[in-house]
Amino acid sequence: MSDVVEKTLTALPGLFDSQTGAAKITNRLRQLVKSITELTSKHEEENLIKQELCAMKEQVSSPNTSMKQMREIMVRAMYCEMLGYDASFTYIHAIKLAQQGGVLEKRVGYLAVSLFLNEGHELLLLLVNTVLKDLQSTNLIEACMALTVVAQVFPKDMIPAVLPLVEDKLSHPKEIIRRKAVLALYKFYLIAPNQVQHIHGKFRKALSDRDPGVMASSLHIYLQLIRESPDSYKDLTGSFVTILKQVLGGKLPVDFNYHSVPAPWLQIQLLRILSLLGKEDQSTSELMYEVLDESLRRAEMNHNITYAILYECVKAVYTIHPKVELLEKAARCIGNFVLSPKINLKYLGLKALTYVVQHDAKLALQHQMTIIECLDHSDFTIKRETLELLFRITNAQNVTVIVEKMLDFLRGCNDEHTIIHLVGKVSELAEKFAPDNSWFIQTMNCVFSIGGDLLQQDVPNNFLRLLAEGSESKEEDDQLRLYAVESYLTVLKGHTSHLPQCFLQVMSWVLGEYAHLQGSVDRREVIRLLTQLLDQRSVSSETRVWILSALTKIPEGQTDLILDLAERLASSQDTVLRQQAQELQHLSQDSQLHEWVLPRGAPWDAIEVDSSLSFLDGFVSEALAAGAAPYKPPHQRQEELCEDRALNLEPYSFSLPVSLSSCSITDRQSPTLLSVSSGLSGNSTELSQKAGSSTLILEGVKRVWGKDGYLPQKEATAPLVDEPSAAVQPPVQQEAAERTEPRPELSTRNQDKQQLASSLFVGLGVGSSVSLLGKSEAPPPRFRKKPRPHESSSSSGTSEKSSDSSCRSSHNTTDSFLYGSFLEEEPATSKSAFDHTPKSTTANGLSQNKDTKEDKHTNTSQIFGGDMVIVRPSTIQDKHPPSESSDLTALLPADLKDLPHSDVISLTSDPSLSLSSCRLFRDEALLLLIFISNCTETVIKDIAVQLTCEELKTASLRGNIVDCLEARSTSVCHYALLMDDPHTNVSFTGTVSYQTQPGHTNTLPFSGTLSTADFIRPLVLTTEEYGKLWLSLSHDVKQNLKLLTDAGDPLRTTLNALKDALQLHVVDIIGSEGIVACRLLSSAPCLLHCRVSGAALVMWLRSPHPALPDCILYHCQRALAHR
Amino acid sequence: MIKAILIFNNHGKPRMSKFYEHYTEDTEQQIIRETFHLVSKRDENVCNFLEGGLLIGGSENKLIYRHYATLYFVFCVDSSESELGILDLIQVFVETLDKCFENVCELDLIFHLDKVHNILAEMVMGGMVLETNMSEIITQVEAQGKMEKSEAGIAGAPARAVSAVKNMNLPEMPKNINIGDISIKVPNLPSFK
């Protein structure tokens, strides 16, 4: 082998030399590569490359360097960068090459740019013009290169510049350009979804493109869109099914075949899309049964790629609404995978099983012997996947065996990530299914010693919380605690130097809290063991603090021993340690104080935490009065810094009226104003809602003192220091290891496996039907945590951030509204359409859709020589004609009649009831009225309406239960809804249950959607208030919108159009700029700044809520597009 | 989405690296090193998938690799990609390289780094699979190659040099594994520790 290498290398230079005449230029790269291969050490390589880079630097700056040479330098620079050396001086030249050169130079230039520069690099700005020019070029190759570079490196804020051109490319005659444009738009969607909202229609066009390649790339977009909101794309199911059918039927050109499988990657994409669409939706699933069946049948050939398709197919079958025949076939496929001798297929089989056991635990039983074999497989990946599978089938009966297997694996594993991942699972299982106390504590000991300081912080936290909070029965809790104390004392008596810090901390906390439960052990012994730890070098100072606070908690201990220790540590370098030592010293001398500060056995929940630190208000206002600078939250500081110095990189200049910014700055920096608001903070929650800028931010502040004094439990959540250290093996685990030791005889080994199988899969099979029942009902976790009321109330106080007076007022009104007092308000008009599709109609619409497509099949196929048929997804936007609206609006309650309202839309109906809805726009909430009409001639009884929507908050409801509805009459049910987090569209679902005859309950499901626009209300502000608020808001989005130019003043016309559609408040219009404000019910305000720039409207939105600007922008775009 | 595509040889020397997400220079080098470390210690008879772990952020990612003679081709992908699909995509990539370079070898990748990148750009764009159809990829690459030919001499020399090396009658490599239907016969360049 080495001979060959040598021969080759000696031959190389000769070969190169013989070619000298042909190309001098590539000489340098050749030489570079050659000399690198001759080197023997990393150090020599470094020197060589440094020399090379110096030479290149000289060359690029020389004016005599030709374009050709430049190109060669770029390739060399790429080579150096690939090896990890910095060649940043060539970046600018790469851009130059892309700008100035011919096509060949451009190609190298663009390639270098996409390799060297990342999305945040400032040099990218220099590229925008070049890209714009090339996008418009008639040369295909140039346009392709520009599209590639756009998709690779363009950041969010540069997208608006190229978006229109890329959009145009969707209708380019060449399919390669269309395909690249689709992918570039997909990339845009991923990084800035709001900016491409308006071209969703064009995606549909791409899906029905006559070139299958373009259609295939549009599937990327649809996979993403459908993953985000499957409900909005149900109407496309028929199209996807048709496409898949055609692919399976071999309608694609032969070019698309790969190992005689037609377009396998396309099939994979389609199957994934279908499984997302069919999930939990019977009617949609029914559309795809046939094609899935066909896919399963066709994928028989014995090639890798057919297995890839099969795997997706199986996953799809198990994801969608189940159908027995398909499930059987899929289960057989999984069997083939698992039993396959090919290791890759085995891996996928295990993955499929892991996925499937959630639905059908019995399937794991069939393959139990294979699973056992996989446990001992030599491949790490396979083993890991098998454990994952076992994790899914764990129940109370097999938990000990499975956890033991996992711990065995962990001991032989040295991959950090796997350890963290698996240790978390072990602790989860232990907490859920532990058979007894001793097992639980021993297992957790293993978790702590194996996981060590790699552990996620929540593992020790959960464990300690579990011990501290306990369950319902005090006796059981004490037993568990007692056992923990005993086991830790044993551990501490052994070798402790190799124990992880995290484990030591847990032990010291438990001993400090619960050592008193153990009557038989001398306090002195506990203290001795703990102090022993303090003497060890390997113990980190963080752990020392834990140990000290544990010692503090052990009462009436050996005062002399403790005092001695405290004195020693009181001179420590570490301030926290010193403080702790001081506390220890004082408390141990004064037993009364000790009793008061650290009450023995105080319930966990009884400790009150004043999270607003209101007791510090006096101190703060004094300090402010003395001239201290007020606290500013980090984002505000950042903003000010930016205002002060940073270069303005915004592509468009923007200026607020001068008066606004100046007045707000003086306001913000005035200490008197702040001290006033801070002085008001007696009621802490009120304060935090009132003024975000003046509240203290408590992140990262360790809380040691509360209203009642020192908080001993804080250690449970205190951050730990990570420090790797070796694992410990407690005695029980050694026994366990002995038990599973492999036996020499083959027969006994088989027997072992059988035995293992029976212990692993117990509780899964039909044989143990009792346990199966238990499993399906999910056995209650052994250790149940108590609810923690304090947590929620205290955190909401600090986390809520809103920053203006209007917000406060909206809160107040909301509150009063909650009590049902309906205030009168100034009506504002709204006319956004109610996009609503009842489920039953969707199904009908789809099947019709499919039929029409099949018709088209015959019409259009000859155009493409019978290859691929255009699939035209028809848009189903069925807006139901408001047939009964006139008579139903008459039913509006008198107090609501004057409010602006939408049309009445029919929701659903069955022979006895029909439901319609209407939206009323109140100032403080959206009122959703549901009209329940009795269509029969008989009385309907016990009508109950239930409405669910996760994204919305129901502020109040009225009339959702009707005892008795007369024949041909209508009852009205009110829902007052609020939206806390903005979503562009929210869908609600609900059911109406009723009785036509006594004892016979019918239910009628309904669903619909609401848009954010329904929840937007005008925010009335003065220009000054607007300016102040603008500066205090942190999340902003900028975008160009279409300007309506049909009337005299384009800005005014456009703003009025937006105002009509979205209920905005136009604060002021000054020249070519306008400011607009609105708020979302019931929380965040959003400010819009609009400026006319040429034929576009530059809109800049700011809000305290990160998602709100995107949302409002989307609705603005829609409102303008629909005019 | 594909996060990164790496090619390195049996000694861990990078031959091509392309990242579709931004990492710092140092992280990139670390990723290459660790990936090599993970992949190289795996036997030939284990599966071609590895959980990426801490490498490229998050447990959602995985490594899918193939070993051809002296080269490892590694794709780092997230959970939205099909494992077997990517495995065959690597095959398509290598077959395409083989067609474009007429019997590809490690030296081709070294001397024509830019061409390899251009071929890859026709298959994968910004982390998304653009084209899996080999003839289509080759058509695109050849369209670009035509321009090159008009400017003769640039690509000619090293290509000739390499093909001369290839034509030297080398004995069969011990590590010449036939996955699928192509094999890269590559003279092994020594590397340094």
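All of the numbers you see were taken from the coordinates with simple rules; none came from a lab. Computed from a predicted model, the values in this text were never measured in an experiment. Positions of Cβ are backbone-derived with ideal geometry, glycine not excepted, and every protein chain shown enters the neighbour counts.
Please compute the modelled spin-label separation between B:Ser135 and A:His200, points set 7 Å along Cα→Cβ, answer in nm with one decimal.
Calculated label separation equals 3.8 nm.
Distance in nm between label sites at A:Ser41 and A:Asp590, each 7 Å beyond Cα in the beta-carbon direction?
6.6 nm
What is the calculated FRET efficiency for A:Lys1042 to A:Ile1070, with r their C-beta to C-beta distance and R₀ = 22 Å, to the nearest 0.05?
On the way: r = 22 Å, r/R0 = 0.98.
My answer for the efficiency is 0.50.
Less than 11 Å Cβ to Cβ from A:His367, Lys/Arg counted +1 and Asp/Glu -1: what total charge do the surrounding residues give? Before the final figure, lay out each step's value.
On the way: positive: A:Lys346, A:Lys362; negative: A:Glu373.
Its environment carries a net charge of +1.
More than 18 angstrom separation, counting every C-alpha pair in segment B:36-118; what % is that? Could you put the intermediate results ahead of the total?
Working: 1623 of 3403 pairs.
Value for segment B:36-118: 48 percent of Cα pairs lie more than 18 Å apart.
Return a whole-number percent for the relative contact order of segment A:896-1013, with Cα pairs under 8 Å and 6 or more residues apart as the contact set. Could the numbers behind the result be given before it?
On the way: 279 pairs, mean separation 27.9, N = 118.
Computed value for segment A:896-1013: 24 percent relative contact order.
To the nearest 0.05, how large is the calculated FRET efficiency for B:His11 and A:Ala757 if R₀ is 35 Å and r is the Cβ-Cβ distance?
Values: r = 44 Å, r/R0 = 1.25.
The calculated FRET efficiency here is 0.20.
Please report, for the Cα atoms of segment A:1015-1122, the Rg to one decimal and the Dmax as a whole number; what are they, in angstrom?
12.6, 36
Taking the Cα centre as origin and putting +1 on Lys and Arg beta-carbons and -1 on Asp and Glu beta-carbons, what dipole magnitude results for segment A:896-1013, to the nearest 20 debye?
Values: 7 positive and 13 negative charges, 41 e Å.
Dipole size: approximately 200 debye.
State whether segment A:896-1013 is rounded, prolate or oblate according to the following rule on the C-alpha gyration tensor (a ≥ b ≥ c being the square roots of its eigenvalues): a/c under 1.5 gives rounded; otherwise a/b larger than b/c gives prolate, and the remaining case gives oblate. It would help to have the intermediate numbers written out before the result.
On the way: a/c = 2.19, a/b = 1.78, b/c = 1.23.
Cα axes put segment A:896-1013 in the prolate bin.
Using a basic spin-label model with each label point 7 Å from the Cα along Cα→Cβ, how many nm lie between A:Lys57 and A:Ser909?
Distance between the two pseudo-spin positions: 8.2 nm.
Suppose the chain between A:Glu373 and A:Gln997 were pulled fully straight at 0.36 nm per residue; how much longer would it get relative to their current alpha carbon spacing?
On the way: separation 624, 0.36 × 624 = 224.64 nm, distance 5.99 nm.
This chain segment gains 218.7 nm when fully extended.
Once you keep just the Cα pairs under 8 angstrom separated by 6 or more residues, what percentage relative contact order results for segment A:416-591?
Here the relative contact order equals 17 percent.
Quick check: net charge around A:Ala1096, other residues with Cβ under 13 Å of its Cβ, Lys/Arg +1 and Asp/Glu -1? Walk me through the intermediate numbers first.
Details: positive: A:Lys1038, A:Lys1042, A:Arg1091; negative: none.
Net charge in that neighbourhood comes out at +3.
Where does the charge balance sit around A:Gln195 when Lys and Arg score +1, Asp and Glu -1, over other residues with C-beta under 12 Å from its C-beta?
0
With a 10 Å Cβ neighbour count serving as the proxy for reagent exposure, in which order, fewest first, do B:Ser82, A:Ser1007 appear? Intermediate values should be presented prior to the final figure.
Working: B:Ser82 24, A:Ser1007 20.
In increasing order of surrounding Cβ atoms, one gets A:Ser1007, B:Ser82.
Starting from the Cα-Cα distance between A:Leu454 and A:Ala626, subtract it from 0.36 nm times their residue separation and give me the gain in nm to one decimal. Provide the component values of the computation, followed by the final result.
Values: separation 172, 0.36 × 172 = 61.92 nm, distance 4.67 nm.
Gain in length upon complete extension: 57.2 nm.
Taking 35 Å as R0, compute the FRET efficiency from the Cβ-Cβ separation of A:Thr936 and A:Ser956 and round it to 0.05.
On the way: r = 30 Å, r/R0 = 0.87.
That pair, A:Thr936 with A:Ser956, gives E of 0.70.
Can you tell me how much longer the chain between A:Thr490 and A:Asp408 gets when fully stretched, taken as 0.36 nm per residue apart minus their C-alpha distance, in nm with one decimal?
Values: separation 82, 0.36 × 82 = 29.52 nm, distance 2.25 nm.
Net length gain for the segment: 27.3 nm.
Quick one: order B:Glu95, B:Glu51, A:Glu328 by neighbouring beta-carbon count within 10 Å, fewest to most.
Working: B:Glu95 17, B:Glu51 20, A:Glu328 11.
Starting with the residue having the fewest Cβ neighbours, the order is A:Glu328, B:Glu95, B:Glu51.
Rank these for me by crowding, B:Thr139, B:Thr96, A:Thr386, going from fewest to most other beta carbons within 10 Å. It would help to have the intermediate numbers written out before the result.
Numbers: B:Thr139 14, B:Thr96 21, A:Thr386 25.
Arranged by neighbour count, lowest to highest, B:Thr139, B:Thr96, A:Thr386 become B:Thr139, B:Thr96, A:Thr386.
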